[in-house]
1. What residue, among those in region 61-95 that are touching a residue at least 60 places away in the same chain (Cβ under 8 Å) and in contact with a Lys or Arg (Cβ under 9 Å, 6 or more places away or on another chain), is surrounded by the fewest Cβ atoms within 10 Å (Cβ to Cβ)?
2. Which of the helices (runs of 4 or more DSSP H) contained wholly in region 1-116 include at least 1 residues that are among the basic types (K, R)?
3. Considering R115, R56, which residue is within 23 Å of S141 (Cα to Cα) and either out of contact with any Pro (no Cβ under 8 Å at 6 or more places or on another chain) or not assigned by TED's automatic domain parsing to the domain that holds E150 (or both)?
4. Which one of V42, V63, V86, V90 is farther than 24 Å from V126 by Cβ and either in contact with a helix residue (DSSP H, G or I) (Cβ under 9 Å, 6 or more places away or on another chain) or among the aromatic types (F, W, Y) (or both)?
5. Among the residues of region 130-147, what is the count of those that are under 13 Å from the mean Cα position of the chain (by Cα) and more than 19 Å from L162 (Cβ to Cβ)?
Amino acid sequence: MSPSKQLLQAIAVTAELTGTQLSDAAARVMARDLARYSEPQVLGALTRCRRELRPRGLTIEAVISRLNDGRLGAEEAWASAPKNEVQSVVWTEEMAQAWGIAAPLLAEGDAIAARMAFVETYRKLVQAARDAGTPVRWTPSLGHDPAGRESVLLEAVRKGRLAWEHAARLLPHPQPAPPDIVALLESLD
């Protein structure tokens, strides 16, 4: 499939505004390499590139790293991760894997090393997932505190990370959907 005219124009404009020299052939190769992602995601990433890149900084990696594919940035992912086994979380596979590297360091009391290990691992995992075109997948990890689950699960539903039916089965006490969740679900119909 050949790249759309809009995408080629966006690449050309971004290259020009970032002072990056790209031939027509190079722009077409870049567009083909980015074709595995949805065009709106790529156009959004190119907008970020125009705002954030230094001169001659437009690369395929720079675009891919700015895709809004539903994954959190590394620092936001760290801030969202549970800091103990009591807390519940709804996280991505990449967050869970990075947490597996950081948790022993946190248990030893080295929060700085834990954060650094998490962030570095998470960035590598997200990049690998984006390179492979793997869509984001959010899953709950329930902590030991049943009372702390409700707010985490409801927030995940509000953000579109979990379906209400899935979250409702995990709540400590069965309950009908809250009014704001009902309104959200009705707006999707």
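1. G70
2. On the way: elements: 5-17, 24-34, 39-52, 60-64, 74-80, 93-107.
Once the helices (runs of 4 or more DSSP H) in region 1-116 are filtered for at least 1 residues that are among the basic types (K, R), what remains is 5-17, 24-34, 39-52.
3. On the way: R56 fails: within 23 Å of S141 (Cα to Cα).
Being within 23 Å of S141 (Cα to Cα) and either out of contact with any Pro (no Cβ under 8 Å at 6 or more places or on another chain) or not assigned by TED's automatic domain parsing to the domain that holds E150 (or both) holds for just one of R115, R56, which is R115.
4. Details: V42 fails: farther than 24 Å from V126 by Cβ; V63 fails: farther than 24 Å from V126 by Cβ; V90 fails: farther than 24 Å from V126 by Cβ.
Just a single option satisfies the conditions, and that option is V86.
5. Final tally of qualifying residues: 2.
Rundown of residues vs (1) surrounded by 13 or more Cβ atoms within 10 Å (Cβ to Cβ); (2) farther than 17 Å from G133 by Cβ, yes/no style:
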{"residue": "S2", "(1), (2)": "no, yes"}
{"residue": "A10", "(1), (2)": "yes, yes"}
{"residue": "E16", "(1), (2)": "yes, yes"}
{"residue": "Q21", "(1), (2)": "no, yes"}
{"residue": "D24", "(1), (2)": "no, yes"}
{"residue": "E39", "(1), (2)": "yes, no"}
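The values are calculated or read from the model by the stated rules, or taken from the named source; none is laboratory data. The model shown is predicted, which means the values in this text are computed figures rather than measured ones. So basically every Cβ, Gly included, is an ideal-geometry build from the backbone, and we count neighbours across all protein chains shown.
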